Structure formats: C-alpha cells, structure tokens
Amino acid sequence: EPTLWRERARGELSTPLLQAMKDFTLPFKPEELLAQPCDGRLWASDLPAVDDMPVQETNAALDDLIGRLLSSQGKDLVEDASFSLLFAILQAWPRLDESIQPRVVDLLADASRRLIAEASRLKKTVKPSKAGTDLVEKAGRELRNAAKVAAFFMRWAAERVLKQPPADVLAGRGRGRGRGAKVGNAMQQAEQAAAAEEAKETQKALERQRCSVLTELAGLISRGAMPWLWLSEPAAFQQAAQAVSDAGFYALDSAEALKHRDTKQSALRCISDPLLQEGQQH
C-alpha cells in the first residue's frame, strides 16, 4: 500500500487533504519528532526511505512539493506528506545525491519568502472595526504555525550546509604535493586547473546556500509584517526566535563560515534580529 507522501508525489491526491492544520511545536532536537505526540501535534509520521529512492524519484517528489508550496504560498509545509518528505531528506542529508541538497535549500528559502509575503497581505486585510476578526485570527494562527515549521527546517538546513566541508577538501586538492613534487604533463596540469576551478565554483555555490538559509531564517522573525504577526502569540515567537538565534550561533562556531563576510553578517543578523523585536520578551 503506497504511503501518503508517495500518493501526493504521484498526484493521486489532487485535492488538499480535508483536515485541520496540525499545531507544531519546535523540538529541542529533530529526533524528538520521530515519536507520535499524545496531543495530535505535527510529527514525522510517514518518513519515505529516501536513502533507497532513485534520484529521479526524489526529484519528482520535490517537483510535486514545490507545486504545492507555490499554490499554498508556503503553507503546505505543515501537511503531513510535505513535512515527512523534508524531514527524511534532512535526516539523510550527507548520504543524498549532491544535486538534491541545493534544491531543498532553494525550496525552503522560497517557502519562507512566500510566508513573509503572506503575512504582509494578511496585515492589509485588518480593519479598524471588528468585522472579520475571527477569520483574520484564524489565518494568523495558521500562518504562524507554518512559519514555525519553516524555521525548524531552515535551522536544520543551516546546520547541514554549515557542516559541509569545503570544496577543495571534497576534491582532495592540495594534498600529496610537497615542494619537491614533480610537475605533471600539460594534460595533467589542465585537469588540475579545471578541478581547481570547479572546486572554486562549488564553494561559491555552497556559500550562497549558507547565506540564503541564514538570511531567510532571520526574515521569518524580522522582515515585512512578521513582527506584527508574532505579536499575537508570544510563545510561538519564542520558539521561532530560538531556532533563528541557534542557527546564528552555530554559524559563528564554524571557522569556515567566518571566512566569508556575507555568511558572517547573516549569522549576526540571526542573533540580533530576535533581540530587536519590540513588544516581545527577550
């Protein structure tokens, strides 16, 4: 019998699931979400075996997820199938094909931007009168819940990309060649130059991923109408703010990340932005 996430990936569930959005509480460690909570909160209930999946199937599942995130303005992160797929991918991160990782980073960054834009749209619907207040409050709760899920995944993704070794280490460049090493022939030198250039471009791409994750993570707290959105639920803000600041401190503990100015600045914003939000306890 196909799992829920596989049905969604194959398009067998063409309509949204008719269920209430499950509340999400950020855990201290991701592993805590492997156990089913007693109060019906969102958890990693149906993890696909991404380690055993062909790359094409994983990419197809991501394509389907991207479509759902686009149509829901990022809020599909809270759906069981979407949550379980992303959880499984981040859990298996070091073992996955290298083409999958940047797709997930881009997917999460885009979902975060869409949630931030949705908060601005929601704020514009607020009227001085009490007309429609219940609907706005309900939409606000759902949006905050989705933002908490985004913060959870973005914080985990930040840890993953910050742990990735430099491109030159992956390529083995610079090892085994002392001062007395023989210089290879022209073909070998050309291959070495090409490998060095490829490693350089790979490292640039990795730094872009690191900056993107940290920047969009901080944005979930401070950009646009997000400060307004969090004011209605201080406890939810504290959860999200903790994830944001944790990612910032984790980045500052990385000697490799500190070599790059933009990454360092994004990390500092993750630490400072939660502290600068007015109306919240710090």
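Derivation of every value follows stated rules applied to the coordinates shown; laboratory data play no part. Here the structure is a predicted model, which is why all the values come from computation and not from measurement. Glycine also receives a Cβ, built like all others from the backbone with ideal geometry; neighbour counts cover every protein chain displayed.
Just a few scattered comments:
- Prolate/oblate/rounded call for the stretch 53-168, Cα gyration tensor, a/c under 1.5 rounded: prolate
- The stretch 18-115: trypsin sites (Lys or Arg not before Pro) falling in loop per DSSP and having at most 13 other Cβ within 10 Å: Arg41
- Proximal aspartates and glutamates relative to Lys264, as straight alpha-carbon distance under 19 Å, when same-chain residues fewer than 8 apart are discounted: Glu159, Glu207, Glu216, Asp246, Asp253, Glu256, Asp273
- Listed pairs Lys75/Lys163; Lys29/Lys148; Lys75/Lys148 exceeding 18 Å between Cα atoms: Lys75/Lys163
- Sparsely packed loop sites in the stretch 111-163 (the chymotrypsin sites (Phe, Trp or Tyr not before Pro) outside DSSP H, G, I, E and B with at most 10 other Cβ atoms within 10 Å) do not occur.
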